[in-house]
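Following: one structure in structure tokens, then a few remarks.
The values are calculated or read from the model by the stated rules, or taken from the named source; none is laboratory data. The structure displayed is predicted, hence computed values, not measured ones. Cβ atoms come from the backbone with ideal geometry, glycine included; neighbour counts cover every protein chain shown.
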Amino acid sequence: MMRGGQGGSEHQYIAEMCDGGRVQSLAEIAARMQLPLGVARVIVADMATDGLVAVYEPTSLDDETDAVGTELLERVLSGLRRL
Amino acid sequence: MSHRPSAGRVTSAKIVIAGGFGVGKTTLVGSVSEITPLTTEAIMTSAGVGVDDNRQGPGKMTTTVAMDFGRISIDRDLILYLFGTPGQTRFWFMWDELVRGAIGAVVMVDTRRLADCFAAIDFFEHRRLPYLIAINCFDGMQYHNAQDVRDALAISSDVPVVSCDARNRESTKNVLISLVEYVLTMRRTRAVAPA
């Protein structure tokens, strides 16, 4: 997912974690890099500004309409039952 | 934002795992997560928190807060995250961010130390986040039955109280299923009869 040669080794590491469209949580990036969450947040925000990564806001049940929230819950439920 | 996953929008959902120190939060996350539970640390500047010893000086102090999390890929486009809350109650200000947008919470209970979970229950009641009580049966032993626990915790009769063995994947899975079923039931009831 890296474009060009700019960016430090942190950028490279994060880009590799997200390679091939894999979605990673900020918490997971921070844990794997052994960085405080706040630091990881800043690095990822910089990368997003440069277009190196896409940031997806988590789906929030608070923001969703009832129909969307219910559909999401049903997907989670059937997914858990399949595990 | 040119690097979108090919399968369209990926969504995530989260469930919060709470309970007292040593009640088995990390174990529960680990038994069902597809990754080894990771610990992330947030460095907090704790000036004004007022609990830590401040005699070292008037300056700000930093404290490290650890929280565990795990991941379950529900399907290609949906990831469920499990977040264990920091055990130390003085870090509760972090919980606001943790619970935002969460499906609900599992409050883990050790019946030998029931009071450890009171604060978590108060917090979720206050935030109106649906939760259930999961009695972690250490060594397969359950020292109190569900009704005793319900009475002792003075929780509403519709809050599910389940028993589990946090080490067991199937058992943990069933706890999560019970929580999501409960949240769905609450939403449907609300839709039928708006308060």
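Figure legend. Inter-residue proximity from segment B:25-49: first residues more than 25 Å from B:S163 (Cβ to Cβ), second residues assigned to a strand (DSSP E or B) and modelled with pLDDT of 90 or more, beta-carbon distance below 6 Å, spacing 6+ or different chains. Indicated pairs: B:I35/B:R71.
Okay, residues lined up against (1) loosely packed, with under 14 Cβ neighbours inside 10 Å; (2) part of a strand (DSSP E or B); (3) modelled with pLDDT of 90 or more:
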residue	(1), (2), (3)
B:E125	yes, no, yes
B:L129	no, no, yes
B:I133	no, yes, yes
B:D139	yes, no, no
B:H144	no, no, no
B:D151	yes, no, yes
B:V159	no, no, yes
B:V162	no, yes, yes
B:R167	no, no, yes
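Within segment A:22-60, the set of residues being within 9 Å of chain B (Cβ to nearest Cβ), assigned to a loop (DSSP other than H, G, I, E, B) and farther than 20 Å from B:V10 by Cβ comprises A:Q34, A:L35, A:P36.
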